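Data block below; observations after.
The values are calculated or read from the model by the stated rules, or taken from the named source; none is laboratory data. Nothing here was measured: the structure is a model prediction, and the numbers come from that model. Here the Cβ is made from the backbone with ideal geometry for all residues, glycine too, and neighbour counts use every protein chain on show. Side chains are part of the model used for accessible areas, which takes the heavy atoms of the whole protein and leaves out ligands, DNA and RNA. Shrake-Rupley method; radii C 1.70, N 1.55, O 1.52, S 1.80 Å.
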Amino acid sequence: MTVIDSGNAPSVPATKREVPPSMVERMTLILDAFDGRTCRLTLEEVACRTRLPRSTVHRILDQLVRLDWVNHASFGYCLGRRAMGVGGGDNGHGQIRAAAAPLLHDLHMQTGMVVHLTVLDGGDSLYLDKVGGRMAAALPSKVGGRVPAYTTAGGKAMLAWVDPEEVDSLYGQRLDRSTDRTITELTTLHQELNRIRQRRGLAFERGEAVRGVGCVGVAVRSADGPVAGISLCGDARTVQLERVAPLVVDAARAVTRTLHPEPVTPRRARRTAEIPETSWSTEALDQLLSVQSGQWL
């Protein structure tokens with residue numbers, strides 16, 4: 001039977017109304033905003049890139065933070081542990097690895113020690129690269145693996161350039177023990193991070209992550225904070241970490257220049273001077289190390 005329109009029913013528009021993006025589409029837009037070159041964004045920057053309302057972006061980011069897809073820190077937002085490989089890139093990790101690769105090889109060839117490249121992922125150090133000889137097989141570290149950042153030299157070197165309030169939020173009051181030498185008190189960790197800043201970024205550890213292993217690390221930094229950590233590891237009984245430390249400093253500086261060809265001006269004033277441009281002499285290094293009075297041994 002044919003139904004005849006009486007003319008009282010509302011007319012249907014000739015063109016179909018555009019449907020607003022679904023929640024999944026909006027989440028995808030937000031994750032895609034974190035590209036390889038800019039892995040830390042403010043709320044306003046995310047809203048601008050996605051062209052979504054600021055209130056909508058804020059609400060979805062809060063949900064993503066709770067689910068570990070996104071991390072929120074004092075410097076803004078960055079991709080979290082569940083978003084590795086998501087967001088239109090790899091969180092800049094490929095670029096960091098490419099910039100560091102030749103320096104890591106050189107460090108290993110010069111010292112014979114195991115070299116690590118790490119990035120901060122929440123409160124953990126995430127291993128991006130590992131270069132070493134026979135000793136490398138004896139270390140539990142592996143590319144893609146993670147370890148509490150406060151237990152390693154590379155991790156502590158990065159944490160030293162994170163705001164103290166952010167360090168508190170990362171760990172609360174509990175620091176799990178890896179060995180009998182692991183820092184387990186937040187107050188002690190802050191004292192150690194302050195010593196690292198006084199040493200202009202040099203971090204040391206002996207047996208805090210793995211028994212019998214000693215490491216020296218330095219952070220690669222940008223205007224927004226730590227980008228990565230480079231560390232040398234060896235037998236804690238025989239290795240002279242203070243003697244190879246200048247090599248790690250030079251490598252971190254070279255990677256920084258590759259990633260940031262223009263001079264980097266930090267957004268926040270730091271409590272210590274920048275690492276000097278000249279290579280460190282043995283005398284200058286000994287003077288720097290003296291500020292800790294042997295606390296790292």
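Within the accessible surface of the stretch 165-263, defined with a 1.4 Å probe on protein heavy atoms only, the carbon and sulfur portion equals 44 percent. Per-residue SASA remark: residue 215, around 10 Å² accessible (1.4 Å probe; ligands, DNA and RNA not included). What is the magnitude of the charge dipole of the stretch 123-234 about its Cα centre, with +1 placed on the Cβ of each Lys and Arg, -1 on the Cβ of each Asp and Glu, and no other charges, expressed in debye to the nearest 20? Dipole size: approximately 560 debye.
Across q = 0.13 Å⁻¹, the stretch 208-257 modelled as identical point scatterers on its alpha-carbon atoms has Debye log10 I(q)/I(0) values of -0.34, in the order of the q list. Computed with a 1.4 Å probe over protein heavy atoms only, the accessible area of residue 77 comes to about 10 Å². Ordering 22-33, 109-120, 94-105, 242-253 by mean Cβ neighbour count within 10 Å, with the highest value first, yields 109-120, 242-253, 94-105, 22-33.
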